[in-house]
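The values are calculated or read from the model by the stated rules, or taken from the named source; none is laboratory data. Everything numeric here is computed off the predicted structure, so don't read it as measured data. FYI the Cβ positions are ideal-geometry reconstructions off the backbone, even for glycines, and counts take in every protein chain you see. Each accessible area value is taken on the protein alone, full model and side chains, heavy atoms only, with ligands, DNA and RNA left out. Shrake-Rupley method; radii C 1.70, N 1.55, O 1.52, S 1.80 Å.
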Amino acid sequence: MKKEIGNYLNFCFKDFEPELKEEILDCADLLVLPADDLMMDIGQKVEIIPLIVSGQVKVFREDEDDHELFMYYLGPGEACAITMICSAREGYSKIKAIPEEETTVISVPISKLDEWMPKYKSWYYFVMDTYQDRFEELLKVVDGIAFHRMDERLIEYLEKNAEASQSNSIHKTHQQIAQELNSSREVITRLLKKLEQRGVVKVNRNQIQLIS
């Protein structure tokens with residue numbers, strides 16, 4: 001397993017110092033998470049930092065009525081800033097995270113978050129960059145809710161999904177999209193039909209092709 005973790009570190013986290021990589025090898029595990037398996041739940045004790053090395057993870061909020069608010073995707077070379085922040089304070093997750101496809105993560109004990117900050121510059125910058133990137137993603141979510149019409153939010157959602165999966169084919173049902181955008185299936189279906197008429201997307205069963 002150490003050799004496999006080392007290969008992932010050299011590919012996805014190549015900027016980490018050799019000494020940091022050695023410490024990760026000494027304390028980390030490699031986890032393979034099936035698609036749609038719950039990786040992190042609201043209220044769950046945060047005990048690890050998952051460093052994504054393959055696959056894609058959806059991060060979102062959910063209320064008591066199962067309404068979802070999509071926040072961002074995580075891919076190879078990334079980690080969840082909100083998980084880090086929660087662990088640094090009260091230690092319990094404020095978000096849900098679910099792999100959209102089979103996902104492999106390097107699991108680092110949460111105690112290493114603060115220990116490595118003053119010790120390794122690459123870790124310090126990785127954590128700070130993670131905070132900044134996710135903060136900018138959250139600002140886009142807030143702007144979308146506050147200022148953008150639903151059709152604009154839908155296009156931005158499809159573009160983010162395509163970018164995260166590196167494919168113009170989005171394998172989502174209209175109901176799934178509605179839940180993530182806190183809308184209704186009927187509204188999403190109507191907007192997708194309009195976007196298809198404009199030549200922006202091509203809609204198939206459980207699949208949306210982003211054209212432009």
(request) Please compute the net charge surrounding Trp116, taking Lys and Arg as +1 and Asp and Glu as -1 over other residues with Cβ under 13 Å from its Cβ. (result) -3
(request) Mind pulling up the Rg/Rh value for the range 2-152? Radius of gyration and Kirkwood radius, both on Cα. (result) 0.98
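For a 19 Å ceiling on Cα separation, which of these pairs sit above it: Lys140/Lys194; Lys58/Lys94; Lys2/Lys96; Lys58/Lys193; Lys3/Lys45?
Result: Lys140/Lys194; Lys2/Lys96; Lys58/Lys193; Lys3/Lys45 exceed 19 Å.
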(message) If you count only protein heavy atoms with a 1.4 Å probe, what accessible area per residue comes out for the chain, rounded to a whole Å²?
(response) 55
(message) Among Pro76, Leu154, Ala35, whose Cα projects farthest towards the positive end of the dipole of the chain, with charges put on the beta-carbon of Lys, Arg (+1) and Asp, Glu (-1)?
(response) Leu154
(message) Per DSSP helix of 4 or more residues, -39500 (n - 2.57); summed, then divided by the residues of the chain. What does that give at 222 nm, rounded to the nearest 500?
(response) -14000 deg cm²/dmol
(request) Relative to the longest principal axis of the C-alpha atoms of the chain, give the angle of the C-alpha long axis of helix 150-165, reported between 0 and 90° and rounded to the nearest 10°. (result) 40
(request) Measure nothing but the geometry: give the 0 to 90° angle between the long axis through the Cα atoms of 18-27 and the longest principal axis through the Cα atoms of the chain, rounded to 10°. (result) 80
(request) Pop out the ³J(HN,Hα) list for the range 196-211 in order, Karplus 6.51 cos²θ - 1.76 cosθ + 1.60 with θ = phi - 60°, rounded to Hz; leave Gly and Pro as x. (result) 5, 5, 7, x, 7, 9, 10, 9, 10, 5, 6, 8, 10, 9, 7, 8
(message) What does the C-alpha gyration tensor say about the overall shape of the range 140-212? Classify as rounded when a/c is under 1.5, otherwise prolate if a/b is larger than b/c, or oblate.
(response) rounded
(message) What is the percent carbon and sulfur in the accessible area of the chain, measuring with a 1.4 Å probe over the protein chains and ignoring ligands?
(response) 48
(message) Given axes a ≥ b ≥ c from the Cα gyration tensor, I'd like to know whether the range 59-111 is rounded (a/c under 1.5), prolate (a/b larger than b/c) or oblate.
(response) oblate
(request) Express as a percent, rounded to the nearest 5, the fraction of DSSP beta bridges in the chain (both residues included) that run antiparallel. (result) 100
